[in-house]
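Q: I have a structure I would like to understand better, so I am pasting it below and will then ask my questions one at a time.
The values are calculated or read from the model by the stated rules, or taken from the named source; none is laboratory data. Computed from a predicted structure; not experimentally measured. Counting neighbours? That spans all protein chains shown, and the Cβs are built from the backbone with ideal geometry, glycine included.
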Amino acid sequence: MEPISRRTLLAGSALAAVSLGSPTATATGDPITRWIAQNAKPITELKPGNAQIVGLGEAVHGTAEITRLKLRVVRNLVEQHGFRAIAFEDDWSLGTQLNDYIVTGRGDLHALMRGLSSEARTHEIAELFEYLRAYNATHRDKVRFAGTEYFSTRRLSYDAVAEYVARRAPHRLAELHRNLDPIRPTTDDMGAYVRWYWQEVKDKAPYVAKARAVYSLVRDLPHRPNDRDYAITEHHARQIRSFYTAFSLPDDQNWAYRDARAAENVRWWHSFTRNKVIYWAASAHTANAPHLRASEPPIGFRSAGSYLRTWYGNRYRSITCTFDHGTTLGPITMPPAPTDWFEHQLTATGLDNFLLDLHTHPQPPAVRTWLHQTAKTRGLPEAGPTSCLTGDPLSAWFDTILHTQTVTPTHPLTN
């Protein structure tokens, strides 16, 4: 399958202890840097509090150090704090197969991973699935996995809907097929299918109408309360509707639509599993950022994390993994953070691999200003080194920051 990334589609055991080292001279002269240095902690001290959902963000995709750091956080949350569900920034339908792999061991992991977005087809992400499989192999209380996205909804979702209706409501099967069959993808190459529908189909209204009809039919089927078979089928149908709707929208609306649906999918996964959830995604999605704006490309949208904060309050905890400079998958070189990006103050401490709780008190006036003024941070690497995100205060975006100085690219899986 030809590689396709999320950006292309949507933009046109215990933690190892770390050495904090000693603060630099800057840390003793600037009140913000000094406060950070005084309150920096080893990453082993991360605690989720009363969170039901932890947004585990990353400044950019495709860095080895941050991906492995996030895996360590996952291990901590699973083994020490009882989290039993992963919501991952990738396709829902493929996620059902990956969930089957980590629960039962069925399937070829690398073959399944070749269906992920290009930035997730790496050995470091494979380590996440290998850990989840190993944990589940020795524990009765399994960790479950789901994708939060609709953007590559595969034929297996269409087939699951048809199979369910054939079993549960055969008298409506012909009606279903009249709407489902014309929109069922004609290929397993979802990258090619997305490009065809998105860029070549001029009149998308019939596809959207049929997708909505499929969802409405499934939604309205009689079912028992808490029928999990029905719930999964309805969610398949929901992603079909979202897929055709999203790629019929103008680009500027697509971003907002995507995050709204991702938030709903995370909430659904929390309700369905009845377990605490780790939401693994880019920080642009996990942050509590109701007014998020990117400079390049010039887009703005309400983040998934802001919906989750509205719905869950402080039971949604937003964590970001940041860095100063390095190289990401591509490779793309990322220079040190400019002085007006919040990462600059973290780097100025001279510390490496540390945790900062942004709720730590006392906070000197300069620190309060830094935390509550509109922040800037790294944007989309492929848009260039000056691309940045802004729109909300740092104290709104995140509860906790995990910062490292330098990053290197992840390692792609080989065919």
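Q: Check Leu346 against each of (1) touching a His at 6+ places or on another chain (Cβ under 7 Å); (2) surrounded by fewer than 19 Cβ atoms within 10 Å (Cβ to Cβ) and name the one condition it does not meet.
A: Among (1) touching a His at 6+ places or on another chain (Cβ under 7 Å); (2) surrounded by fewer than 19 Cβ atoms within 10 Å (Cβ to Cβ), Leu346 violates only (2).
Q: Sort through Gly12, Gly21, Gly49 and tell me the only one that's farther than 20 Å from Ile66 by Cα, modelled with pLDDT under 80 and assigned to a loop (DSSP other than H, G, I, E, B).
A: Exactly one residue qualifies, and that residue is Gly12.
Q: Would you call His139 surrounded by fewer than 21 Cβ atoms within 10 Å (Cβ to Cβ) and either within 16 Å of the chain's Cα centre (by Cα) or assigned by TED's automatic domain parsing to the domain that holds Asp399 (or both)?
A: yes
Q: A further question on this structure: I'd like to check something: does segment 218-234 contain any residue that is hydroxyl-bearing (Ser, Thr, Tyr), assigned to a helix (DSSP H, G or I) and surrounded by fewer than 17 Cβ atoms within 10 Å (Cβ to Cβ)?
A: There is no residue in segment 218-234 that is hydroxyl-bearing (Ser, Thr, Tyr), assigned to a helix (DSSP H, G or I) and surrounded by fewer than 17 Cβ atoms within 10 Å (Cβ to Cβ).
Q: Taking the conditions exactly as written (farther than 14 Å from Thr410 by Cβ and either out of contact with any helix residue (DSSP H, G or I) (no Cβ under 8 Å at 6 or more places or on another chain) or not hydroxyl-bearing (Ser, Thr, Tyr) (or both)), does Val60 satisfy them or not?
A: no
Q: Of these, Thr369, Thr322, Thr406, which one is surrounded by 16 or more Cβ atoms within 10 Å (Cβ to Cβ) and either over 21 Å from the mean Cα position of the chain (by Cα) or of a type outside the set (A, V, I, L, M, F, W, C) (or both)?
A: None of the others qualify; the one that does is Thr322.
Q: Going by the conditions given, is Leu46 out of contact with any helix residue (DSSP H, G or I) (no Cβ under 8 Å at 6 or more places or on another chain) and more than 28 Å from Ser152 (Cα to Cα)?
A: It is false that Leu46 is out of contact with any helix residue (DSSP H, G or I) (no Cβ under 8 Å at 6 or more places or on another chain) and more than 28 Å from Ser152 (Cα to Cα).
Q: To continue, here is another question. Hey, could you check segment 279-297 for residues that are surrounded by 24 or more Cβ atoms within 10 Å (Cβ to Cβ) and not polar (S, T, N, Q) and say which is nearest to Gly62 (Cα to Cα)?
A: Here the residue is Ala281.
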